[in-house]
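S.K.: My questions all concern the structure below.
The values are calculated or read from the model by the stated rules, or taken from the named source; none is laboratory data. Computed from a predicted model, the values in this text were never measured in an experiment. Cβ: placed from backbone, ideal geometry, glycine included. Neighbour counts: every protein chain shown. What goes into the accessible areas is simple: the full protein's heavy atoms, side chains included, and nothing from ligands, DNA or RNA. Shrake-Rupley method; radii C 1.70, N 1.55, O 1.52, S 1.80 Å.
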Amino acid sequence: MLDILFSHSYYYPLDKKQWENKTPYPPLGTLYAASLMRQEGYSVNLFDTNLRSDPYAIEAEIKEQKPSFLVMYDDGFNYLTKMCLTTMREAAFEMISLGKKYNCQVIVCSSDSTDHYDQYLDAGADYIIQGEGEITLKELIAALKNNESISLINGIVYRKEEETKKHSKRVVLRNLDELPQPAWDLANIDAYKAIWAQSGKQFTLNIATTRGCPFKCNWCAKPIYGNRYNSHSPEYITKHIAFLKENYGVTNFWMCDDIFGLKPNWVQNFNVELKKRDLKITYYIQSRVDLLLKEDTIDALAESGLKEVWVGAESGSQKILDAMDKETKVEQIYEATKLLKKKKVKVAFFIQFGYLGETKEDIAKTVAMIKELLPDNLGISVSYPLPGTPFYEKVKDDLQLKANWTDSDDLAMMFQGTFNSKYYKKLHRYVHKEYRKSQGIANFKSFFKNPLATSKAMIRSMALFFYYTPSAFIDKAKLKNMQHTNS
């Protein structure tokens, strides 16, 4: 018999947009929890749902391994799990039901179960772990195995005699280096590599150097790691990288922190540690434009192997950034983008349309910023109300029939914004076309300056210019007719 079968509830194939990218990442948060429990002496295994499409497939694993505990521990470092997609919630409920069918004690730790614990308890889960879960899980399973009281364990929700018991929140870990390295051996890395090969991109693994985010953007939920910001040491992370390079041949990494390198001098010290170990890597990060402009941060990032940075630009309108409590300036977006490009670091923008009070003029400023700065990549979404945020509290009365997206490409407006879902879906396509059109123009200019430096990608971009120009014109005309529609 197995002590603990770990799983989670995100299925890439059930999220069409993400699956088409063919760039899945192993469930890092799940692997951290499994590693800690194995260190505690428990036998553990993983039913990794990432590359699967059928929640019922776990039944065969449960029947064969006969686990005492089914622990559904979502990867809290994957932003997609924060969105509480209904497709994944339904899959989770099916897995809970199967766990109970075979007499497992079912424990769930996820953003969705933290926010909607009653629904998960109704589905049959025995315990919900709220927030950061490793230490809570360790204490809970030890108590259950030894028939001890769970009354003093923080961070859990459960039912006792039909009454829901919700314990106090657990304080998050401060010294992250206490955790063992993730149990990478439980993930089928070769299977991930095979999917990545279909994308034509370099295989990449995910690493988290920090937990939490101290900033107060009023639309951003932090159900797992909260507003505290705690960091692994550069030594821990470089040791982790060395292990992954040696065992899996990986030299390209996605640093999946909400904010990379916020701690003073962390980036600079990380650069030093990489040099000490003679580790030559490339990596991607998420950051804020104001942080990137501090001291020699961009220099240290570029020198240590930074390939691309995704920044939460969100909007080209200062009015909207201020309404979001973003605490950044439009001018900082311009300055950071230009500095990064000078260092040959790619820049990608997260853009958010549909925030409360957004007008046609605000949208025009955002489109103009994108066309002028020409980021190397672009992710466009509409404002999404996440439980536990001030933004959610502002719009919750509008959330009646639909409170969560089905998948990450849903893009439905779930509250009464300036325009309706149909408008924003058309805007999404229009902005991408304007962006590609502007890229084509820039590549034409580069071609005429230096034809010998023209790449295949540039030639393709110039050819597509002749498609995007009339298509964007048509979309713009349609948007003009839709602009006063809110039904």
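S.K.: Scaled to the compact-protein estimate 2.2 N^0.38 Å, what is the alpha-carbon radius of gyration of region 1-88, rounded to two decimal places?
M.R.: 1.10
S.K.: Ok, one more. Can you give me the relative contact order of the chain as a percent, contacts being Cα pairs under 8 Å and 6 or more apart?
M.R.: Relative contact order of the chain: 12 percent.
S.K.: Quick one: length gained pulling TYR56 to LEU399 fully straight, 0.36 nm per residue minus the C-alpha distance?
M.R.: Gain in length upon complete extension: 120.4 nm.
S.K.: Could you give the dipole magnitude of the chain about its Cα centre, charging the beta-carbon of Lys and Arg +1 and that of Asp and Glu -1, in debye to the nearest 20?
M.R.: The calculated dipole for the chain is roughly 2120 debye.
S.K.: Using alpha carbons only, how many angstrom separate the centre of region 304-352 from the centre of region 103-169?
M.R.: 39
S.K.: Would you mind getting me the FRET efficiency between THR469 and ALA242? Use the beta-carbon distance for r and R0 = 51 Å, nearest 0.05.
M.R.: 0.55
S.K.: Between GLN202 and LYS319, how many nm apart are label points set 7 Å from Cα along the C-beta direction?
M.R.: 4.3
S.K.: Based on DSSP H runs of at least 4 residues, each adding -39500 (n - 2.57), what is the mean residue ellipticity at 222 nm of the chain after dividing by all its residues, to the nearest 500 deg cm²/dmol?
M.R.: Roughly -13500 deg cm²/dmol at 222 nm, from the helical runs in the chain.
S.K.: For LEU339, what accessible surface area do you get with a 1.4 Å probe? Give it in Å², rounded to 10.
M.R.: Accessible area, nearest 10 Å²: 70 Å².
S.K.: Follow-up question, since we're still on this one. Could you do me a favour and compute the accessible area per residue for the chain, 1.4 Å probe, result in Å²?
M.R.: In whole numbers, the chain has 45 Å² accessible per residue.
S.K.: Just read off the accessible area of SER111 with the full protein assembly in place, 1.4 Å probe, to the nearest 10 Å².
M.R.: 0
S.K.: Moving on. Solvent-accessible area of ILE351, probe 1.4 Å, all protein chains present, reported in Å² to the nearest ten, please.
M.R.: Roll a 1.4 Å probe over it and ILE351 shows about 0 Å².
S.K.: Return the carbon/sulfur percentage of the accessible area of the chain, one whole number, probe 1.4 Å, all protein chains in place.
M.R.: Of all accessible area on the chain, carbon and sulfur atoms account for 50 percent.
S.K.: Right, another one. Between the alpha-carbon centers of region 187-243 and region 370-396, tell me the distance in whole angstrom.
M.R.: 21
S.K.: According to the Kirkwood expression over distinct Cα-Cα pairs, how big is the hydrodynamic radius of region 122-249, in Å?
M.R.: Every distinct Cα pair counted, the radius reaches 17.8 Å.
S.K.: By residue number, which cysteines of the chain lack any other Cys whose Cβ falls under 4.7 Å from their Cβ?
M.R.: CYS84, CYS104, CYS109, CYS213, CYS256
S.K.: Can you find, among LEU152, TYR127, ILE224, the residue farthest towards the positive end of the dipole of the chain? Put +1 on the C-beta of Lys and Arg, -1 on that of Asp and Glu.
M.R.: Value computed over the given set: ILE224.
S.K.: Just reorder ARG429, ARG211, ARG436 by solvent-accessible area, largest first, 1.4 Å probe, all chains present.
M.R.: Heavy-atom accessible area, descending, gives ARG429, ARG436, ARG211.
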